[in-house]
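A quick write-up on the structure given underneath.
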Amino acid sequence: MQFQQLQYFVAVAETRHFTRAAELVHVAQPSLSQQIRALERELGADLFLRARGNITLTDAGEALLPLARRILADADTARYEVQELVQLRRGRVRLGATPSLCTGLLPDVLRAFHDRYPGIRLLIEEGGSHDLVRELARGALDLALLVLPLPTPSPALTTVELLREDLVVVSSPEAPAPGRGGGAVDIADLEGERLVMFRHGYDLRELTVAACRSAGFEPEFAVEGGEMDAVLGFVRAGLGLAVVPQMVATRSAQGLRVTPLARPGLHRTIALAHRTDVAPPRAARELQRMLLER
């Protein structure tokens with residue numbers, strides 16, 4: 001089995017077309033087809049079902065695809081690791097984070113990292129914790145900032161707790177203050193209030209809905225399905241309230257009323273994660289250090 005054959009296999013699997021795959025990897029189509037056939041002979045199984053205009057993966061192909069992607073990602077990481085030996089003057093860091101952390105925590109840290117290592121490319125992927133865990137496991141990310149507990153515990157990942165953050169209620173200053181208007185509010189005070197709610201799969205959505213149900217009521221939604229910037233914009237427009245991280249509220253406070261939650265309040269735990277079986281590249285380790293020391 002050759003590394004190049006795995007590249008060709010993944011290209012065909014992702015494009016579902018031999019000619020387009022050949023263009024993607026810059027090789028003649030007959031050569032690509034020949035290498036795929038050689039790989040199938042080596043493995044003793046067909047990887048694709050070939051019909052005119054319809055290329056699909058066999059069961060063997062479905063089994064090989066995540067492994068091939070991981071091998072290619074690891075090789076890519078190894079290439080950058082060697083390049084980084086030149087005093088971190090070049091290289092990259094692939095960092096995943098939830099959208100709220102991209103808004104609240106990361107800007108200052110990434111600015112400091114870029115000022116110190118301007119030659120390092122920062123590749124940021126936003127997503128929910130569930131999606132980021134999957135991307136870490138397949139080698140597409142070096143590090144990820146996740147909300148604990150993880151949706152599905154993964155022994156393949158090492159997590160280090162980074163911070164515990166309070167959640168607050170944001171509302172339009174032109175709307176009535178939430179609760180009794182006298183300072184901190186209880187979750188129970190949100191009963192009957194119309195909430196601006198994040199999309200399904202968003203960590204803050206699950207946390208807020210669970211807290212309301214624990215307080216004995218089902219939350220009412222004025223708008224739902226947005227990302228962080230959209231939610232804040234809808235709140236500014238007076239469509240309803242939202243429960244957001246304190247760092248986000250502080251950074252985006254213009255045009256918002258920020259109200260703390262009464263004790264015990266709501267909190268979330270942020271952790272930094274990487275694959276257990278592969279040490280992060282040198283540049284990623286440096287960003288990890290800066291995040292942990294912030």
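Just so you know, all these numbers are worked out from the coordinates, no wet-lab data involved. Just so we're clear, the structure is a prediction, and the values are computed from it rather than from any experiment. We place every Cβ from the backbone using ideal geometry, glycine too, and count neighbours over all the protein chains shown.
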Among DSSP beta bridges whose residues both lie in the chain, state the antiparallel percentage, nearest 5. 60
Can you tell me the FRET efficiency between residue 250 and residue 131 if r is taken as the Cβ-Cβ distance and R0 is 25 Å, rounded to the nearest 0.05? 0.45
Starting from the Cα gyration tensor of the range 110-261, multiply each eigenvalue by 5, take the square root, and state the resulting semi-axes largest first in whole Å. 31, 19, 13
Post the alpha-carbon centroid distance, the range 58-77 to the range 181-260, in whole angstrom. 40
Could you bin all the Cα-Cα distances of the range 90-153 into 5 Å bins starting at 0 and give me the percent of pairs in each, rounded to whole numbers? 4, 18, 27, 24, 16, 8, 3, 0
Once you put a point 7 Å from the Cα of residue 122 and another 7 Å from the Cα of residue 213, both along the Cβ direction, what distance in nm separates them? 3.7
Please name whichever of 211, 230, 255 sits farthest to the positive end of the charge dipole of the range 204-273, dipole taken about the Cα centre and charges placed at Cβ: Lys and Arg +1, Asp and Glu -1. 255
The answer for trypsin sites (Lys or Arg not before Pro) in the range 1-40 that fall in a DSSP coil and have at most 14 neighbouring Cβ atoms within 10 Å is 16
Could you calculate the contour length gain from residue 50 to residue 3, that is, 0.36 nm times the residue separation minus the distance between their Cα atoms, to one decimal place in nm? 14.6 nm
Using a Gaussian network for the chain with springs between C-alpha atoms less than 10 Å apart, which of these wobbles most: 196, 160, 147? 160
When the chain is modelled as a GNM with alpha-carbon springs shorter than 10 Å, which of 131, 229, 115 fluctuates the most? 115
Assigned charges on the beta-carbon of Lys, Arg, Asp, Glu; the chain dipole about Cα centre (debye): 800
At a temperature of 4 °C and a viscosity of 1.567 mPa s, determine how fast the range 41-184 diffuses translationally according to Stokes-Einstein, using the Kirkwood radius over alpha-carbon pairs as Rh; express D in µm²/s, rounded to the nearest whole number. 67
Dividing the surface of the Cα convex hull of the chain by four yields a projected area in nm² of 19.1
